[in-house]
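Here's the structure we're looking at; comments come further down.
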Amino acid sequence: MDAKELNEVIARAVVAQATWRSLTAGERAARLQAWQSKMIEHTDALAEVVTLEQGKPINEARGEAVYAAGFIEWFAQEARRAYGDTIPSHRSDIRLSTIKQPIGVVAAITPWNFPLAMIARKAGAALAAGCACIVKPAEQTPLSAVALQRLALEVGIPGDILPIATGDAVELGSVLTNDDRVRKISFTGSTEVGGLIYAQSAPTLKKLSLELGGNAPFIVFSDADIDRALDAAMFAKFRNAGQTCVCANRFFVQAEIYDEFSKKLARRVEQLVVGDGIREEVQIGPLIDQAAFSNVASKVNEAVAEGAQILTGGGPHACGGLFFQPTVVVDAPASSRLAREEIFGPVAALVKFSEEEEVVDMANASEFGLASYILTENIRRAVRVSEALECGMVGINTGAISTEVAPFGGIKHSGLGREGGWQGLDEYLEVKMIATGI
Ligand code: NAP
């Protein structure tokens, strides 16, 4: 699709949205619920598309299809609860109320790492609110988007309400950000491109949701249940070969258990099955592209040159191509890129700490603030640290924090706005205040 075609798509979306918003919330909810049922019915087919174009293991891809369907179901239900307020008035001759109305035509620009779920949690909320949603998927994973749209068409969600725009990102991004008819952009991806979209959207004063990079600290205190901490670490680090924005990225382990934890983690990591994701037993697939592979490899190599030690893995996997060995690194210098930057690969880098205050400062010494993880059996410490961490989400004694029923999002350079939860619907609604003289 080029700029001219996208302009036509926007024009048709404007017309279609006028009809879509006039449906009752219940009518929109019924279509979304039917879409969710189709997604569940076709879980295996959707998963196969994801694994073939993105590379994640088929079991994870099935999980993603169900997770994506969960967002559609959640927002189908939330559509019927977009309540306004009745406000005690400031004058006896005026009545005050608010209503919530759809923001209009919106655009969802999505990444490759969750090619179904990142679309579902934007489009589900947008359609539930009464918006039209133009989806611009990542160039690596357009077919997952098309598969989702195909199922939506089958249940009577019009193509002009959920169009897919594939093409040159810079060209299409420029149209979407500059066009006044597009009233909101919801973007998930890198902080760099998020900042660009923020700037490009300024002249048309669009509402924005930006779900950007993360650099999650994973803090293991000496009073943690070690087996639980290892389970959480494996899930939070190695899902999707480490290519999730909420992946544990900086492991801080208290001195007393540092050796025990790192050895046990290395033992678990050695057992991960690497290979073609379409095989049921595989747990780690390839990285998304050569740039991603080079990024991970260079960070590991630099850290080793600066004194880090590899406990397991450390380089290209015998499978060849874009497969990187699941890796555990200890004692990466605080100054190394491995210890400071988002890794986005199957590499756990461990750093030792002594005191609670010290580790909170280390965790907060990042421009990002998406997810954080705390492993401790001490309830008072868990409360103290979860409140002190600068981030949008905290997992206490768990690595699994993402769900459609709770708000997902970050602070600082990790972005603006929340997806999922009741908050996710509000991102696609405007509040109108009505003052009525009597
Ligand atoms: P990316 O390069 O920013 O791409 C994301 C999307 O933006 C793609 O659809 C891409 O299209 C598009 N894009 C690129 N340049 C654009 C432009 N100038 N105007 C408009 N759109 C443009 O990000 P990525 O490398 O694919 O994803 C990895 C990053 O996403 C990581 O930092 C990760 O932490 C973050 N992420 C965050 C979340 C979250 O919820 N916070 C979730 C997942 C990932 P093309 O593919 O066609 O270039």
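The values are calculated or read from the model by the stated rules, or taken from the named source; none is laboratory data. Predicted model only: the values in this text are computed from it and were never measured. All Cβ positions, even for glycine, are placed from backbone atoms using ideal geometry, and neighbour counts span all protein chains on display.
State whether one or more residues within segment 207-225 are more than 23 Å from the chain's Cα centre (by Cα), closer than 23 Å to residue 2 by Cβ and at pLDDT 95 or above. No, there is no match, as no residue in segment 207-225 is more than 23 Å from the chain's Cα centre (by Cα), closer than 23 Å to residue 2 by Cβ and at pLDDT 95 or above.
Do we find a residue being part of a strand (DSSP E or B) and touching a residue at least 40 places away in the same chain (Cβ under 8 Å) anywhere in segment 280-296? Yes - at least one qualifying residue is present in segment 280-296. Being within 25 Å of the chain's Cα centre (by Cα), in a helix (DSSP H, G or I), surrounded by fewer than 24 Cβ atoms within 10 Å (Cβ to Cβ) and not aromatic (Phe, Trp, Tyr) is a property that does not hold for residue 262. With respect to residue 43, is the statement that it is over 19 Å from residue 164 (Cβ atoms) and free of Cβ contacts under 8 Å to residues at least 12 places away in the same chain true? No: the conditions fail for residue 43.
Of all the criteria given as (1) part of a helix (DSSP H, G or I); (2) closer than 22 Å to residue 7 by Cα; (3) charged (D, E, K, R); (4) more than 16 Å from the ligand (Cβ to nearest atom), the one not satisfied by residue 122 is (4).
All of (1) over 30 Å from residue 323 (Cβ atoms); (2) within 15 Å of the chain's Cα centre (by Cα) hold for residue 190 with one exception: (1). The residues of segment 1-52 that are among the polar types (S, T, N, Q), assigned to a helix (DSSP H, G or I) and more than 18 Å from residue 159 (Cα to Cα), listed by number, are 37, 43, 51. When 414, 372, 366 are checked against the criterion of being hydroxyl-bearing (Ser, Thr, Tyr), more than 18 Å from the chain's Cα centre (by Cα) and under 27 Å from residue 355 (Cα atoms), a single residue qualifies: 366. Residue pairs whose Cβ atoms lie under 9 Å apart, sitting 6 or more positions apart in sequence or on different chains, and linking a residue in segment 141-163 that is part of a loop (DSSP other than H, G, I, E, B) to a partner that is among the basic types (Lys, Arg), are 155/31; 155/38; 156/31; 157/31; 159/12; 160/12; 163/12. Can you name every residue in segment 164-178 that is outside any loop (DSSP other than H, G, I, E, B), near the ligand (Cβ under 10 Å from one of its atoms) and in contact (Cβ under 8 Å) with a residue 24 or more places away in the chain? 169, 171, 172, 173, 174, 175, 176, 177 - these are the residues of segment 164-178 that are outside any loop (DSSP other than H, G, I, E, B), near the ligand (Cβ under 10 Å from one of its atoms) and in contact (Cβ under 8 Å) with a residue 24 or more places away in the chain. Can you name the residue in segment 180-206 that is under 22 Å from residue 15 (Cα atoms) and surrounded by 18 or more Cβ atoms within 10 Å (Cβ to Cβ) and is also nearest to the ligand (Cβ to nearest atom) among such residues? Result: 185.
Note on segment 103-138: residues that are more than 23 Å from residue 39 (Cβ to Cβ) and surrounded by fewer than 24 Cβ atoms within 10 Å (Cβ to Cβ) amount to 2.
Can you give me the number of residues within segment 221-230 that are closer than 13 Å to residue 262 by Cα and outside any loop (DSSP other than H, G, I, E, B)? Result for segment 221-230: 4.
Does residue 222 fit the bill of being touching a Leu at 6+ places or on another chain (Cβ under 8 Å) and more than 8 Å from the ligand (Cβ to nearest atom)? The answer is no for residue 222. When residue 65 is tested against (1) closer than 18 Å to residue 147 by Cα; (2) within 16 Å of the ligand (Cβ to nearest atom); (3) part of a helix (DSSP H, G or I), only condition (2) is not met. The residues on offer are 281, 302, and the sole one that is farther than 30 Å from residue 403 by Cβ and either modelled with pLDDT under 95 or of a type in the set (Asp, Glu) (or both) is 302.
Results for (1) in contact with a strand residue (DSSP E or B) (Cβ under 6 Å, 6 or more places away or on another chain); (2) more than 16 Å from the ligand (Cβ to nearest atom); (3) of a type in the set (Val, Ile, Thr), shown as yes or no for each residue.
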| site | (1), (2), (3) |
| --- | --- |
| 46 | no, yes, no |
| 49 | no, yes, yes |
| 70 | no, no, no |
| 103 | yes, yes, yes |
| 106 | yes, no, yes |
